[in-house]
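First up is the structure itself, then whatever we jot down about it.
Here, each number is a calculation from the coordinates, and none is a lab measurement. Everything numeric here is computed off the predicted structure, so don't read it as measured data. Heads up, the Cβs are rebuilt from the backbone with ideal geometry, glycines too, and the neighbour counts pull from every protein chain shown.
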Amino acid sequence: MSRYLLQSHLSILEFSKQKQVYPTSVYSAIKAGKIKPDFVGQGCIKMIDLDKYRDYKFGIHNYDKTALNNWFESITPQSKKQKPTTQNKKS
């Protein structure tokens, strides 16, 4: 069973990464009624339909994309990050 209602549904964190904004900007747009998320599953997880909101423009722009990408990298679970490879040396 998929955790998504549709293939185009993204979590708020995934949507904010796709749009290159912080999640607080997405939550602000939801609170203002500009984005209407779908509630998926028994836990009522908020998911945003990318097909519907792909062209949505956020009023706040972060010009330092490096800092934003570093922030997303810092909150990514360790299991998703690449593990360094170790090489065994023969003696």
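Here the spin labels are modelled as points 7 Å beyond Cα on the Cα-Cβ line, and at L68 and T24 they lie 1.5 nm apart. Under 5 Å from the amide H of I35 lie the amide H atoms of I30, each residue being 5 or more positions distant or on a separate chain, with H modelled from the backbone and absent for Pro and chain starts. Straight-line cross-link partners of K34 among the aspartates and glutamates, defined as a Cα under 16 Å from its Cα and at least 8 positions apart when in the same chain: D49, D51, D55.
Taking the charge dipole of the range 8-53 about its Cα centre, with +1 at Lys and Arg Cβ atoms and -1 at Asp and Glu Cβ atoms, the residue from P23, H9, G43 reaching farthest to the positive side is P23. When the alpha carbon coordinates of the range 8-53 are projected onto the principal axes, the ranges are 28, 20, 18 Å, largest first.
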